[in-house]
Each structure stands twice: as structure tokens, then as C-alpha cells.
Amino acid sequence: MLMNVSRGLHHCNFLLRPSVIAAGIALAVTLTAGIYAEQQNRLVHHQSSRAKVSEQLGLVRAKLEGNINSNIQLVRGLVEVIEVQPDIDQDRFSRIAAGLVDHHSQLRNIAAAPDLVIKLMYPIKGNERAIGLDYRTSEKQRDAALRAVGSREMVLAGPVNLVQGGQGFISRFPVFTEDEDGNDRLWGLVSAVIDVERLYAESGLLSPDLPIDIAIAGQDGTGSYGTVFFGDAKVLDNHPLISSVALPSGSWKIAAMPKGGWADTPPNTWQIRMAVLFGGLLLVLPISIAGYLYDQRRANMRELNRRQSEMERLSHRLKLALTTSKIGVWEFNLDTSELTWDDRMCELYGVDASLDRRGVDCWSSTLHPDDKARAEEEFHRATLTGGAYNSEFRVLTRDGTTRWIRAIGAVHYDLDGRRYIVGVNWDVSTDIALKTRLLASKQNAELRNRELEDARAQMERNSLHDSLTGLPNRRFLDERLLSGHAGRRVTALLHIDLDRFKQINDTLGHAAGDAMLVHASSVLKASTRADDFIARIGGDEFVIATTSQTSEEHLAALASRIIVQMRQPVPYESHECRFGVSIGIATADPREGDCGKRLLIDADIALYRAKSNGRNRFEFFTASLKAEIIRNKRVADDILNGLERKEFRPYFQPQFDARTLDIVGVEALARWEHPTEGMLTPDVFLKTAGELNVVPLIDRSILEQTLWQSTRWKAAGVTIPKMSVNVSAGRLYEADLLGSLDGLSIERGTLSFELLESIFLDEKNETIVANIERLRSLGIQIDIDDFGTGFASIVSLIQVRPDRLKIDRQLISPIVKSESRRRLVASIIEIGQSLGIKVVAEGVETMDHAVILRDLGCDTLQGYALARPMSSDTLMDFVRDESWRRAA
């Protein structure tokens, strides 16, 4: 126990020794000094790193901002040229744009879109597909284009992927010109593409020697709210240095950090630690280390001073550039409302440069009274919204000089977070004066052009009137009245055509025709009011245009009066000439604007209808008439195309023996396999085909296809005793009807031609009678179709001697319920039987019809009760299946 106590006292004495205490104190001092030294080292390294990054970032930002603004200023110059010369052509545009798109700028191409349609392009090569692009219909570019037009300011968008390859920033400048009244009118857009790669490269962003990583956000100029479009987005999350790139229509947020990130540990950390370690052993080492750190700190300070000098040199160069370009720089503190000007600003505004601080009132006091309210409003709006500032106004200097000033500015933040608007002003008085002179020259040129146009119009007056009647001619009508240049709105138009004028001209000579035209013009003058317009627009065509309020009753009375007067005989030498007129009338819709030319077309359509309805009459144009004309035109075009594409097909409706219900034949019915409307029946196209005179072609096609199908039926073992095809009236008048049948394989007794009763009965045309006899000689039988609807006599039946009569469905349909109709049909059947003519009943819709007709002695039945018209393939299946017998 005593030994343990002795050992404890010895240990305490050791700890209380001066050397140990000194060692402890020395160790504590050494540790304290080491910790302090390491902290100072980290602080110096961090400040040095941020200073280097700040310097590099400032240089890159300045280059990037300068390059963008210089490109935009180049394009803005082209925009000002277009504002003065809105009718600029491609050659002029290319010459100006060629000076902009070169190696001195990053512009890739420039396009101009008058009326929002791209028509001007430089360079054209490689951009051909863009020419003709309509911004209003382009889904990708419409919103940006309309935003530029709506804001009336340049809009910078991008970067975007270009169709030609690569990426670019697109600046869109809305162009407004002044009309004759001094009002702004949208001319269109000017778009310039800034090449992304060249912009980045020439701004130093792509330099391999750049010691920092940079990220840029704010696509489309949206600032800190936009997405990252350059660099790695992770830079923004690693405590970067942040600055703002001011754009004319927004800003970009640019962030930077050293490559590889911020180094938490300075490169000399272990040196400091080793120094501290050795300082614990040698008291001299802390002094040496302190000296080393002091020298290193001085070196860092020298580097900072060098960089400060470099910044001052760059600032001097910038100041020299601003002085040379006569651009003044100003800064407005949004928090304190303090306005700072440089010397050039004071020169521009003519104020005392000795004042260091100036308020907005100082600036406002120099504004021209006519521009003051607008300029203050634009500046106030920029300070409230924090957006880009762009204005143009006049100022009055103390010596009475008036200057035009253009001002631009943008919001930026300093390192302490304070907001400023920094901008530039420059004198554009020369540009405005040039623009004014150009505008005055343009107005003088337009005045001279109008004088020349008046002289030319006076010289052309004789060419605008008809030399025979003295009336205005068609050219006068088109240029002076229907175009609306006369200042009068046409309310109604009468298109007048002389009937039988050609016969007078051909028989009595042109002098007689001229006399009739003079007489017609005098009748028209006597029948119209003083404010009505009369013109001769063709050989025997006249037009009456009414420009005052009128009514259909008045127009109808006028037309009737003209028709009556024109019917009166006109003496010419020893002859009394008679002619009439057909008149088409069209009236204007009061809800529509100028529609003179449209009225002439409508009146011409109505005139066509008047002529087709018998001539010597008048017709009004109606919407239904227009729709009918358009529909008939479309159907006519489709018919002609259908003949070329062989779209007309035969459909076959079987004919049955009334007693045995055996198939005794088929009738080939024309069907049109329309490409869009499906299968069409003759009631849709036959009338139009008749007007086109192509019914014989359709009949020929149906006949040829029917004969070809008959060979298929025989090959398939299907027996069809007889085929009936329709023949149009026009073919019976053809002298070479039989010649057109040469080359067709027609078996005697198997083919019959169905002719309408109204075609030939009671006719004494020798060609028709001769053709019927020739057809019989070829073994082709003759059927009378739709019997009972015409005016044939018993004598004509005896003369023609047809093989079959086909009673029309209008007579067959009522026989089930009408005894009188039943007796009438029975009489027709008896007449046919007495003359040896077979009788076919059409329109057999029910089996009751079939039973009654059988009992009346009818020979053949045809109708939906037994079979509908069908294709050839369906017919073969129908004959084999004999399904009609089960139905019966």
C-alpha cells in the first residue's frame, strides 16, 4: 500500500514539472497555430478560386452578351431598311443580308416574311424549304411569331434544333410600316438564325483551355426560370458563381465553377500539417511556416492585384469602345431610385456632368413635350415588371437642340443581390432624319405615280368604250365598276343576250347586225334609269348594272319591258328584222361586301338557265340554281372520268315467264361504280350524261360488257335465253349505227334493243325506220320500253312491229287495288296479243301483281317481287339456286 502511494506522488510530480507544462503549452500553442494556419489556408484558397472563376465568368459573359447584341443590332439595321422600303425585293434583300451574314457575325441565315409568309431568304441555298412557310399555319412557329407581333418587340427564342442541321437561336423582329394615314400597319416578320456552335465558340464557351465548367439556363430568354440549355445542370447545384446575360427580350442565367468542382482541401494542406508537426518539435518551424504562409498570401495578393489591373484594362477598352461609338451608359438602382450617368449621357442630354447623382426627374425634364408621357410610361413599366427596356424619344438640350434618342436596358443583380437596370443611349437623329427624307421621297414618288396613272387613264378612255354603240365595254365594266374602283356598289346585274342575232348577221350581213346592236343599245338606254350602268361586253351580249337600291319586282318589270321592246320588228333596208332576248338577273347580298364580279358570274348562270328554258325570257339567280350548276359540273366531270376509267357496269334484272316462272331473259341496266359515292343508278347521272352527249358511249360500254358476260354464263353452264339493253335516241339517228356494231359477237335472237316509246312512235324519220329494219336483219329484236307513258297510236305499232311491249311500272303498280287500272292493263295485253307482240310487265313488286298479270295473259314478268338488279356473278349464283321459286 505504501508503495502504491509513493508511485502516485511520483506521477503527479512529473506532470507538474515546468518542462512538461512548457511542453503542454508549446503543444497547445502549436496545435492552435496549426489549426489557425489551416483555416487561413482554406480561406485564401477559396477566395482565390472564386476570384479566378469570377474573372473567367465575366470575360465569357461579356463576350457572349456582346456577340448576341451585335448580331441583333445588325439585323435591326436590316429591319429599319425594310420599314423604309417595305417593297424590298430578293436582290436588294440579299445584298444587304450578305453584308450581315459573314465571318464577322454568327448569323446563319436571315428570312423576311411579309404578311407572315416567308418570301425573302438569304442565303437561299440550303433554305429552299423555308420559303413559302406561313407562320399562321405552322404549329411549331405560330406561337412565337404571334408573340413577337403581339408584343411589337424583338423576341429571341432558342436554342432550337434546325431543319438544316445543328442548333440556332432565332430572333424574330416584327416590322411595322406607316400607311397613308400615318397609322402603323404590320408588314410582317424578319427572322434571323444565330448559329449556336459559332456563338459558343467565339464567346469562348467551347475553348479547351477554359478552366471552369459553365451552365446556362433560361431557354427562350426566361432567365432563372428557364431550363438549362448549355453545360451540365449539376453546376447549378454546386454553389456556383452566378451572373446574368442581358438579352433584348429577357435574360439568361449563367453559372460557373472550377473544372471538377470546388476543392475542399487546398493543395498545400499536408505542407501546413507537416509544418505544424515539425513546429511541435522545433520552435523555429512555426516561424518558418508563418513566413511561408505570409509569402504565399502576398503572392495571392499580387495575383489578385494583377487580375484587378486586367479588369481595369478591359473596362478601359470597353469605355473606349463606348466613347468611339458615341453610346452613353446609365444605371438605375431599383431599390433607391438613384440614376447614374456617364459623361457621354450628359453630352447626349446636354446636362451638367459635375453632378454625380441624378434622379429620374432630371431625365424627365429633358424630354420633348410630345414624347414625355409615352417615354415615362415605358420606363415606368420596365421598372415595375423588371423586364427589358426599349424606347425611342426626343430630348431638348439647353441650347434648344432636338435629338432623337434610342434607349435600351435590362435588369441585373450585383453580388449583394441589389437590383439595377443597366442600359445604353445613343443619338439616332441622323437615322430618323434619313428615314423622314426617305418617307418624303416615297410620298413624292407616289404622287408622281398617281399623276402618271391619271394621264394614262385619260389616254385609255377610248379603249374603255365600244366604238359602235358608244357604251362602256367589258374592260370598263371589270376595271371601273365590278372591281369597286368607281366608288359605287353594284346591287343588281342583268346579263342580256340577243336571241336569233346570229341568223340576222349571217343572212343580211354584218351591217345589219351592227344596226341591230345599235337598236338594242337604244332600247336598253330608254328602258333604264339615269343611274343605271349599261355596257356591251361581247358580240351580242349586254349588261345592265344597278347601283341604287332595288327590288326583285322592279328588276322583273325592267326585264319584261326589255323583252317586249326587243320583240318589236326593226326595219332594215327592205327587211323587217325580229330578234328577242334572254336575260339572267343576279342581285347582291346586302350583308356581303363588294361582289360585282361574282354577280356577273351569277347572272351568266341565270342567263344559261333562261336559254335552256326556252329563250326570250328572264331568270333570277338563286342559291339552288348555283348549287345545281356546281353539282352538274362535278357530275359531268366525274362521268367523263368514269368513262375513261371504265366505271360504268351492267347490272342484270332477270325476266320470268308469267306461267312457269322460268327465266326467259335479263335486262342490262347501267350502273355507275363511283369511286367515292358507291354504286349509282341512272336517275343520278343520265340527265347530265345526255347534256354531255355521252349516253351513246355508256350504251356502247354496257352492250359490250353484256355480250362479254354472256360468254361467261355459257362457259359456266348458266342459260340466259335473251338479253335486253337500252339504246338512246341519239343512236337511232346515226346513219352508221350498224357500222358501230361491227366487231361485236351477236348471236341472232339473243339480243334485243329497248327503245323508249317517245323516241320513235309517230315519227316519220326515215333514218330511224331504216335503222330499225337493219337491226332486225342482224337478228336483234326491238322492244318498246315504258309503253303507256307516251302518245303512240295503234297505227304506229303496226308500222314498227316491235317484238315486245314493256308496260310501264306506273300502270302496273295500282292494279292490285284499282279495277280500272287492271282493265286498262288487260286492254294493252289484248292489243299486244292481237298484233302478235309479246307483253312484258315492269314493276312487279309483289306476288299479288304476278298472279293478276298471269291471269290477264301477260307473257313476261320483271320486278323486285322476283329479283332485283344484280351483278353478273350474283346472277349466276341466283340462276343456279332458283331461290325465286321458293319465294313464289
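The values are calculated or read from the model by the stated rules, or taken from the named source; none is laboratory data. Note that the coordinates shown come from a computational prediction; the quantities given were computed from them, not determined experimentally. Here the Cβ positions follow ideal geometry from the backbone for every residue, glycine too, while neighbour counts run over all protein chains shown. The accessibility values were calculated without ligands, DNA or RNA, using every heavy atom of the protein model including side chains. Shrake-Rupley method; radii C 1.70, N 1.55, O 1.52, S 1.80 Å.
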Single unsatisfied condition, residue 584 versus (1) part of a helix (DSSP H, G or I); (2) in contact (Cβ under 8 Å) with a residue 12 or more places away in the chain; (3) closer than 17 Å to residue 496 by Cβ:
(1)
Please specify each residue of the range 73-105 satisfying the condition of being of a type in the set (Ser, Thr, Tyr) and either assigned to a loop (DSSP other than H, G, I, E, B) or open to solvent by 50 Å² or more (accessible area, probe 1.4 Å) (or both).
105
Determine the pairs where a residue that is farther than 16 Å from residue 822 by Cα, located within the range 850-864, has a partner that is among the aromatic types (Phe, Trp, Tyr) and buried (at least 16 other Cβ atoms within 10 Å of the Cβ) with Cβ atoms under 7 Å apart, the partner being 6 or more residues away or on another chain.
860/656
Go through the range 645-667 and give me each residue that's open to solvent by 20 Å² or more (accessible area, probe 1.4 Å) and within 16 Å of residue 713 (Cα to Cα).
651, 663, 664
Of the conditions (1) within 17 Å of residue 633 (Cα to Cα); (2) free of Cβ contacts under 8 Å to residues at least 40 places away in the same chain; (3) open to solvent by less than 80 Å² (accessible area, probe 1.4 Å); (4) in contact with a helix residue (DSSP H, G or I) (Cβ under 8 Å, 6 or more places away or on another chain), the single one that residue 699 does not satisfy is (1)
Is one or more of the residues making up the range 319-335 loosely packed, with under 13 Cβ neighbours inside 10 Å, of a type outside the set (Gly, Ala, Ser) and in contact with a Gly (Cβ under 7 Å, 6 or more places away or on another chain)?
no
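Matching residues to (1) under 18 Å from residue 493 (Cβ atoms); (2) open to solvent by less than 40 Å² (accessible area, probe 1.4 Å); (3) more than 29 Å from the chain's Cα centre (by Cα); (4) not aromatic (Phe, Trp, Tyr):
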{"site": "569", "(1), (2), (3), (4)": "no, no, yes, yes"}
{"site": "611", "(1), (2), (3), (4)": "yes, no, yes, yes"}
{"site": "614", "(1), (2), (3), (4)": "no, no, yes, yes"}
{"site": "629", "(1), (2), (3), (4)": "yes, no, no, yes"}
{"site": "640", "(1), (2), (3), (4)": "no, no, yes, yes"}
{"site": "643", "(1), (2), (3), (4)": "no, no, yes, yes"}
Pick from the range 485-500, criterion open to solvent by 20 Å² or more (accessible area, probe 1.4 Å) and either among the basic types (Lys, Arg) or over 38 Å from the mean Cα position of the chain (by Cα) (or both), ranking: modelled with the lowest pLDDT:
488
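Considering the range 532-562 alone, what residues qualify as being open to solvent by 10 Å² or more (accessible area, probe 1.4 Å) and either part of a helix (DSSP H, G or I) or small (Gly, Ala, Ser) (or both)? Step through it out loud before you land on a result.
Initial filter on the range 532-562 (open to solvent by 10 Å² or more (accessible area, probe 1.4 Å)): 532-534, 536-541, 547-554, 556-557, 560-561.
If the condition is that a residue be open to solvent by 10 Å² or more (accessible area, probe 1.4 Å) and either part of a helix (DSSP H, G or I) or small (Gly, Ala, Ser) (or both), then 538, 539, 548, 551, 552, 553, 554, 556, 557, 560, 561 are the ones that fit.
Name the residue that is surrounded by the most Cβ atoms within 10 Å (Cβ to Cβ), counting only residues in the range 181-206 that are assigned to a loop (DSSP other than H, G, I, E, B) and in contact with a helix residue (DSSP H, G or I) (Cβ under 8 Å, 6 or more places away or on another chain).
Here is the first cut: in the range 181-206, the ones assigned to a loop (DSSP other than H, G, I, E, B) are 181-183, 203-206.
Checking the rest, the ones that are also in contact with a helix residue (DSSP H, G or I) (Cβ under 8 Å, 6 or more places away or on another chain) come to 203-206.
Details: 203: 21, 204: 18, 205: 19, 206: 13.
Here the answer is 203.
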Boolean, residue 158 is part of a strand (DSSP E or B), at positive phi and either surrounded by 14 or more Cβ atoms within 10 Å (Cβ to Cβ) or out of contact with any Leu (no Cβ under 9 Å at 6 or more places or on another chain) (or both):
yes
Listed by first then second residue, the pairs whose first member lies in the range 610-623 and is touching a residue at least 12 places away in the same chain (Cβ under 8 Å), whose partner is of a type in the set (Ser, Thr, Tyr), with beta carbons under 7 Å and at least 6 positions apart or on separate chains, are 610/582; 611/582; 615/582; 616/582; 617/582
Taking strands (runs of 3 or more DSSP E) that do not extend beyond the range 606-714, which have at least 1 residues that are in contact with a Phe, Trp or Tyr (Cβ under 6 Å, 6 or more places away or on another chain)?
648-657, 663-674, 678-680
When residue 417 is evaluated against the numbered criteria (1) farther than 26 Å from residue 247 by Cα; (2) at pLDDT below 80, which criterion, by number, is the only one it fails?
(1)
Which of the residues belonging to the range 451-476 are without any contact (Cβ under 8 Å) to a residue 60 or more places away in the chain, of a type in the set (Asp, Glu) and not in a helix (DSSP H, G or I)?
460
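Can you find a residue that is part of a helix (DSSP H, G or I), over 37 Å from the mean Cα position of the chain (by Cα) and free of Cβ contacts under 8 Å to residues at least 40 places away in the same chain anywhere in the range 106-128? Walk me through how you get there before you give the answer.
Step one: of the range 106-128, the residues part of a helix (DSSP H, G or I) are 128.
Next cut, over 37 Å from the mean Cα position of the chain (by Cα) only: none.
Within the range 106-128, not a single residue is part of a helix (DSSP H, G or I), over 37 Å from the mean Cα position of the chain (by Cα) and free of Cβ contacts under 8 Å to residues at least 40 places away in the same chain.
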From the list 181, 143, 134, which one is of a type in the set (D, E, K, R) and at pLDDT 85 or above?
134
I'd like to verify a number: residues in the range 649-680 that are under 28 Å from residue 855 (Cα atoms), among the small types (Gly, Ala, Ser) and without any contact (Cβ under 8 Å) to a residue 60 or more places away in the chain, how many?
1
Under the condition of being modelled with pLDDT of 85 or more and open to solvent by 30 Å² or more (accessible area, probe 1.4 Å), which residue from the range 210-220 is nearest to residue 418 (Cα to Cα)?
213
Qualifying residue in the range 42-63 (condition: among the hydroxyl-bearing types (Ser, Thr, Tyr), in contact (Cβ under 8 Å) with a residue 60 or more places away in the chain, open to solvent by 50 Å² or more (accessible area, probe 1.4 Å) and assigned to a helix (DSSP H, G or I))
yes
Being aliphatic (A, V, I, L, M) and either at pLDDT 90 or above or under 20 Å from residue 564 (Cα atoms) (or both) narrows 477, 482, 524 down to just 524
